[in-house]
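Each remark here refers to the structure printed beneath this line.
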Amino acid sequence: MVRLISNERKGTEVKLSIPTSLGIDSVLFVEAGGISYAISLEHIVETLKIPEKKIKRAGRQKLFHHRGEVLPVERLETLLSVSGGDLSVHYQDRKKSEYRSLTNDISVVIVKTIRGKYGLIVDCLDKNMEVAVKPPPGILAGIDIISGVSIMGDGKVFLVLNPEKFFED
């Protein structure tokens, strides 16, 4: 809420009130399964593009070697469909390679949580931005992989994801 108090020859006082349930967060927008999501920059170590052949399998786990560490890696849309209900939209007619560059590199967001570092394979890396984040409303409040929601200037609503909850037992 904005209040203006104006007194002649004394000036104008502007009071801006921001609800305590609203916070400003720096996020990175990513796309997975045709949907844009946001991840708080406080969880992101780095972003990179790697050749798909760098990802190896060890049983059911996907891994890749990066800066002297072996990190687990998984597609973000897979984690979203397994973790807290199916938040992703699967486009059967769309090939995953459609999102990749001609060099067959894949985009990876390396995140750090209390459980360690891991990679999230995303279809597309977008921009960093500061956004006003509100707590998840109603039914979304029960999905722990969502830390908040926000609305872009063009009216699009997006989810802010909580990487801490992706790999919980």
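Every read-out reported here was derived from the displayed coordinates using simple, explicitly stated rules and does not represent laboratory data. Computed from a predicted model, the values in this text were never measured in an experiment. Cβ coordinates were reconstructed from backbone atoms using ideal geometry, including for glycine residues, and neighbour counts include every protein chain displayed.
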Checklist entry - Where the centroid of each part is defined by its Cα atoms, how far is the stretch 32-52 from the stretch 114-147 in Å? => result 10
Checklist entry - What is the extension gain from LYS134 to ASN7, computed as 0.36 nm multiplied by their sequence separation minus the C-alpha to C-alpha distance, in nm to one decimal? => result 42.2 nm
Checklist outcome for this item: By the Kirkwood definition, with r running over pairs of different Cα atoms, the stretch 11-81 has a hydrodynamic radius in Å of 15.9
Checklist entry - Hey, rough spin-label estimate for LEU125 and GLU52, points 7 angstrom out along Cα→Cβ, what's it come to in nanometres? => result 1.9
Next on the checklist: Just to check I understand the Karplus step: with θ = phi - 60° and J = 6.51 cos²θ - 1.76 cosθ + 1.60, what whole-Hz values come out for the stretch 31-36, glycine and proline as x?
Outcome noted: 10, 9, x, x, 10, 8
Item to check | Listed pairs LYS56/LYS127; LYS10/LYS134; LYS10/LYS127; LYS54/LYS165; LYS56/LYS112; LYS53/LYS134 exceeding 32 Å between Cα atoms | outcome: LYS10/LYS134; LYS10/LYS127; LYS53/LYS134
Item to check | Relative contact order [Cα under 8 Å, 6+ residues apart], the stretch 110-150, whole percent | outcome: 28
